[in-house]
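Each value in this text was obtained by applying a stated rule to the coordinates, not by laboratory testing. Values in this document were obtained by computation on a predicted structure and should not be read as measured data.
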């Protein structure tokens, strides 16, 4: 199994869902970032992930990385949530954002903002001002969740 699949197994074992794994440089620090979201849905939205859940997951993943380092050189493991406003780059990430507000830029330069209703195959369905709009994943150049204050 790949390291990502092993990490995903640990994430699922604590009833969370892997959002993404990223390597981030912050000044002179290299961070191996594991972002997770809750499986629990409340009022049509995903519940938050607690600090205790992140700490527990860190304790599970850390020994694996000691045996199978993800990077050469020094790095820091960071386990957390992807945040309230985050990039969406895969179909799976769209599925993990159901019920949230999303902003999508299409390759045609058109921009859409609305609530993510569903994902069927490669089709993304949004509620844009009360109207259901579908977009093919291949037409999307950039997408992110957003929070309306």
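Just want to confirm a number: the relative contact order over region 3-80, from Cα pairs under 8 angstrom separated by 6+ residues, in percent. Write out the running numbers ahead of the final one.
Details: 102 pairs, mean separation 25.5, N = 78.
Over region 3-80, the number comes to 33 percent.
When restricted to Cα atoms, region 3-80 yields an Rg and a Dmax of 13.1, 44 Å, respectively. As a length-normalised measure over Cα pairs under 8 Å and 6 or more apart, the relative contact order of the chain settles at 19 percent.
Taking the longest Cα principal axis of the chain as reference, the axis of helix 51-67 is set at about 60 degrees. Starting from the Kirkwood Rh over alpha-carbon pairs, what translational D in µm² s⁻¹ does the chain have by Stokes-Einstein at 37 °C and 0.692 mPa s? Answer from the Stokes-Einstein relation: 197 µm²/s.
Where a ≥ b ≥ c are the square roots of the eigenvalues of the C-alpha gyration tensor, would you call region 91-145 rounded, which needs a/c under 1.5, or, failing that, prolate if a/b is larger than b/c, or oblate? It is rounded, given that a/c, with a ≥ b ≥ c, falls under 1.5.
With both partners inside the chain, how many of the DSSP beta bridges are antiparallel, as a percent to the nearest 5? Mind dumping the intermediate values first?
Numbers: 34 of 39 bridges.
Antiparallel bridges make up about 85 percent of those DSSP assigns within the chain.
Taking 8 Å as the Cα distance limit and 6 or more residues as the minimum spacing, I'd like the relative contact order of region 71-149 as a percentage. Don't skip to the end; give the middle numbers.
Working: 127 pairs, mean separation 26.7, N = 79.
Relative contact order comes out at 34 percent.
In the chain, helices alone account for a calculated mean residue ellipticity at 222 nm of -7000 deg cm²/dmol, with every DSSP H run of four or more residues adding -39,500 (n - 2.57).
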